[in-house]
1. Residues Thr85, Thr57, Thr66: which one is closer than 26 Å to Leu141 by Cβ, at pLDDT 90 or above and surrounded by fewer than 15 Cβ atoms within 10 Å (Cβ to Cβ)?
2. Give the residue, chosen from Trp104, Trp90, that is out of contact with any His (no Cβ under 8 Å at 6 or more places or on another chain), surrounded by fewer than 16 Cβ atoms within 10 Å (Cβ to Cβ) and aromatic (Phe, Trp, Tyr).
3. When you check Leu93 against the structure, is it in a helix (DSSP H, G or I), hydrophobic (A, V, I, L, M, F, W, C) and free of Cβ contacts under 8 Å to residues at least 60 places away in the same chain, yes or no?
4. Taking Ser126, is it free of Cβ contacts under 8 Å to residues at least 24 places away in the same chain, assigned to a helix (DSSP H, G or I), of a type in the set (Gly, Ala, Ser) and surrounded by 12 or more Cβ atoms within 10 Å (Cβ to Cβ)?
5. Out of all the residues in segment 13-44, which are assigned to a loop (DSSP other than H, G, I, E, B) and within 19 Å of the chain's Cα centre (by Cα)?
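The values are calculated or read from the model by the stated rules, or taken from the named source; none is laboratory data. These figures come from a predicted structure and were not determined experimentally. Note: ideal-geometry Cβ built from the backbone for every residue, glycine included; neighbour counts use all protein chains shown.
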Amino acid sequence: MADTLKQRPVYSNIHVTDIVTYRLPPAGWVSILHRASGALMFLLLPFVVWLFDVSLTSEVSYERFTSAFIAGIGFLPGWFIKLVTLGLIWAYLLHFIAGLRHLWMDATHSVSLAQGRSSAMVTLVSSSVLTVLLAAKLFGLF
């Protein structure tokens, strides 16, 4: 009788040494990146408030705003300011698109594995493409 019983699979958490070889599905990447982008936007909120304030206060402050991307701010060079801004752009786009994905899944009750995989890929690809396009604009390629 013991030979006829089917062995049930055992699921356990991955160990720290398995992180390098563990293959996370696209929905898992979106979940992690959604949290990371939210944290990044929260941490960069003072920078965003400063950018908003300097860009709208006056014409002189707007000139200071635009020169920050060329000459830099204090000891930080302009390329670094552009890189931080690009990180903020990526965080916003991924967080926004992933949020729309979650709202759509909640509204339509689309919780199948195939739908989750495809919507995660759409989220990753669309946020990446938009980030690359805005990076090209930010760094003056067009």
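1. Values: Thr85 fails: surrounded by fewer than 15 Cβ atoms within 10 Å (Cβ to Cβ); Thr57 fails: closer than 26 Å to Leu141 by Cβ.
Answer to the check: Thr66.
2. Details: Trp90 fails: surrounded by fewer than 16 Cβ atoms within 10 Å (Cβ to Cβ).
Of Trp104, Trp90, the one residue that is out of contact with any His (no Cβ under 8 Å at 6 or more places or on another chain), surrounded by fewer than 16 Cβ atoms within 10 Å (Cβ to Cβ) and aromatic (Phe, Trp, Tyr) is Trp104.
3. Numbers: in a helix (DSSP H, G or I): yes; hydrophobic (A, V, I, L, M, F, W, C): yes; free of Cβ contacts under 8 Å to residues at least 60 places away in the same chain: yes.
Answer is yes for this residue.
4. Working: free of Cβ contacts under 8 Å to residues at least 24 places away in the same chain: no; assigned to a helix (DSSP H, G or I): yes; of a type in the set (Gly, Ala, Ser): yes; surrounded by 12 or more Cβ atoms within 10 Å (Cβ to Cβ): yes.
No.
5. The first filter runs over segment 13-44 and keeps only residues assigned to a loop (DSSP other than H, G, I, E, B), leaving 13-15, 19-25, 44.
Scanning segment 13-44 gives Leu24, Pro25, Leu44.
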